[in-house]
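Enquirer: Encoded as structure tokens, here's the structure I'll be asking about.
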Amino acid sequence: MDINLLTAAETEHLRSLISCSDNIVLCCHRSPDGDAVGSLLGMTEYLRSLGKVPVAVVPDAYPDFLQWLPGTERIIRYDKHKNFVDGLLASADLVFCLDFNTFSRTDEMAVPLAGSAAKKVLVDHHLNPDIDTELCVSHPDACSTCELVFRLIWQLGGFEMMTRKCAVPLYCGMMTDTGGFTYNSTRPEIFFIISQLLTKGIDKDKIYRNVYNNYSEWRMRLIGYVLNEKMVVMQEERAAYFVLTREDLKRFHYIKGDAEGLVNMPLQIKGMRLSISLRQDTEKDNLVWVSTRSVDNFPCNRLAEEYFNGGGHLNAAGGRLECSVEEAEAIVRKAVTEFKF
């Protein structure tokens, strides 16, 4: 199966960029998810196999259930080491921008990242990239950025020497960005890639358990609370939403990642086509994080763009509202009742 992404000229250009660069930095978006961390670690491990010494940087904390991934001990958090990362970006020859389409998605890291004179390679599957790059590998039809990273490594001839440490995070990112291959995962290329990753000795069942069966007792109690007391079902609009306040999160000892996947659960109700979660930021006032999920052809990305200052994919998108929780809930109800497609 042909899974190549680049032209012959682009392939050689990427190979040359890597070969000629001594200081390589890889970065992803804020609040990194499995795909962001997976693509970061997978690409980092590939570059290490070429004899490079790349540095992987994330804007802030990633979920606890991803800490087990091989290579996480080398990841540097920008929010904890700003001056050091600013120096890395200032002296970098090459920067890989993974799983984001605009600098603003890296939060406080956006300014030094945009100001870096390094050549930039973007690898992403979100719509409308607006980063000035030396090479832009943008494929919104891909299931994940990890899929794209695998295909680049394949095309660069790196599959034979791919290690398990590279294969595991790439599979993890593909799995988490498709909800365990339950959405956005019908193309045969995806399962060809999985078959190849399995030859590297990965245990896909264990990866699943490490991600989805690795939560705290309080996460389980939070799920029950959301479904029983917080979920609002709008039957006529075939939509549901819930709001998590700062007090709710404190009550259930929230840590990053505890709310992961909750937004998908209302879609298990027969006939539901849209689910929205609102989560008040634990530190900043008047900031509410929005996640949206849908089924079939309901365009979450358009909804997020029009009402929540965000965007994303057809069936999975997000955004942010700079207002009170009460105002955010009013905006959600307005969006659900007004939005037409």
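Enquirer: For segment 18-43, which positions are under 24 Å from residue 157 (Cβ atoms), open to solvent by 40 Å² or more (accessible area, probe 1.4 Å) and of a type outside the set (A, V, I, L, M, F, W, C)?
Expert: The answer is 19, 22, 23.
Enquirer: Name the residues in segment 215-267 that are in a loop (DSSP other than H, G, I, E, B) and either in contact with a Cys (Cβ under 7 Å, 6 or more places away or on another chain) or open to solvent by less than 50 Å² (accessible area, probe 1.4 Å) (or both), would you?
Expert: 216, 245, 252, 257, 258, 259, 261 - these are the residues of segment 215-267 that are in a loop (DSSP other than H, G, I, E, B) and either in contact with a Cys (Cβ under 7 Å, 6 or more places away or on another chain) or open to solvent by less than 50 Å² (accessible area, probe 1.4 Å) (or both).
Enquirer: Moving to a separate point now. Report every pair of residues separated by at least 6 positions or lying on different chains whose Cβ atoms are under 9 Å apart, first residue within segment 45-62 and within 20 Å of residue 171 (Cβ to Cβ), second aromatic (Phe, Trp, Tyr) and open to solvent by less than 20 Å² (accessible area, probe 1.4 Å).
Expert: 47/96; 58/78
Enquirer: Considering only segment 46-58, how many residues are part of a loop (DSSP other than H, G, I, E, B) and either open to solvent by 30 Å² or more (accessible area, probe 1.4 Å) or modelled with pLDDT under 95 (or both)?
Expert: Summing the residues that are part of a loop (DSSP other than H, G, I, E, B) and either open to solvent by 30 Å² or more (accessible area, probe 1.4 Å) or modelled with pLDDT under 95 (or both) in segment 46-58 gives 4.
Enquirer: Looking only at segment 286-298, which residues are at pLDDT 95 or above and surrounded by fewer than 18 Cβ atoms within 10 Å (Cβ to Cβ)?
Expert: 286, 287 - these are the residues of segment 286-298 that are at pLDDT 95 or above and surrounded by fewer than 18 Cβ atoms within 10 Å (Cβ to Cβ).
Enquirer: Let me ask you something else. Can we say residue 71 is touching a Lys or Arg at 6+ places or on another chain (Cβ under 9 Å), of a type in the set (Gly, Ala, Ser) and open to solvent by less than 50 Å² (accessible area, probe 1.4 Å)?
Expert: Yes, satisfied.
Enquirer: Search segment 311-325 for residues that are farther than 12 Å from residue 263 by Cβ and pair each with any residue that is open to solvent by 30 Å² or more (accessible area, probe 1.4 Å) and of a type in the set (A, V, I, L, M) when their beta-carbon atoms are under 7 Å apart and the residues are at least 6 apart or on different chains.
Expert: Matching pairs, first to second residue: 311/127; 321/331.
Enquirer: In segment 139-189, which residues are of a type in the set (A, V, I, L, M, F, W, C), within 20 Å of residue 202 (Cα to Cα) and part of a loop (DSSP other than H, G, I, E, B)?
Expert: 143, 159, 161, 162, 181
Enquirer: Oh, and also: I need every pair where a residue in segment 1-23 that is closer than 14 Å to residue 95 by Cβ has its Cβ under 8 Å from the Cβ of a residue that is surrounded by 10 or more Cβ atoms within 10 Å (Cβ to Cβ) and of a type in the set (Ser, Thr, Tyr), sequence separation at least 6 or different chains.
Expert: Going by the 8 Å Cβ cut-off, the qualifying pairs are 23/91.
Enquirer: Name the pairs: first residue in segment 170-184 and under 16 Å from residue 28 (Cα atoms), second residue in a loop (DSSP other than H, G, I, E, B) and modelled with pLDDT under 90, Cβ to Cβ under 8 Å, at least 6 apart or on different chains?
Expert: Pairs found: 177/184.
Enquirer: Under the condition of being part of a loop (DSSP other than H, G, I, E, B) and polar (S, T, N, Q), which residue from segment 277-330 is nearest to residue 140 (Cα to Cα)?
Expert: 315
Enquirer: Within segment 101-111, how many residues turn out to be open to solvent by 30 Å² or more (accessible area, probe 1.4 Å) and free of Cβ contacts under 8 Å to residues at least 40 places away in the same chain?
Expert: Residues flagged as open to solvent by 30 Å² or more (accessible area, probe 1.4 Å) and free of Cβ contacts under 8 Å to residues at least 40 places away in the same chain within segment 101-111 amount to 4.
Enquirer: Out of everything in segment 142-163 that is of a type in the set (D, E, K, R) and in contact (Cβ under 8 Å) with a residue 40 or more places away in the chain, what residue ends up being nearest to residue 6 (Cα to Cα)?
Expert: 151
Enquirer: If you check every pair at least six apart or on different chains, which have Cβ atoms under 6 Å apart with a residue in segment 81-100 that is touching a residue at least 60 places away in the same chain (Cβ under 8 Å) and farther than 12 Å from residue 115 by Cα first and a residue that is acidic (Asp, Glu) and open to solvent by 30 Å² or more (accessible area, probe 1.4 Å) second?
Expert: As it stands, the answer is 93/22, since those pairs meet every condition given.
Enquirer: Can I ask one more? Please state which one of 61, 92 is open to solvent by less than 40 Å² (accessible area, probe 1.4 Å) and at pLDDT below 95.
Expert: It is 61.
Enquirer: Just the residues that are touching a residue at least 60 places away in the same chain (Cβ under 8 Å) and among the polar types (S, T, N, Q), please, taken from segment 275-310.
Expert: Listed by number, the list holds a single entry, 301.
Residues checked against (1) within 18 Å of residue 148 (Cα to Cα); (2) in a helix (DSSP H, G or I):
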residue: 14; (1), (2): yes, yes
residue: 29; (1), (2): yes, no
residue: 44; (1), (2): yes, yes
residue: 88; (1), (2): no, yes
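The values are calculated or read from the model by the stated rules, or taken from the named source; none is laboratory data. Everything quoted here is computed from the prediction, not taken from an experiment. In this analysis, Cβ positions are derived from the backbone assuming ideal geometry, glycine residues included, and neighbour counts consider all displayed protein chains. For accessibility, only protein heavy atoms count, side chains too; no ligands or nucleic acids. Shrake-Rupley method; radii C 1.70, N 1.55, O 1.52, S 1.80 Å.
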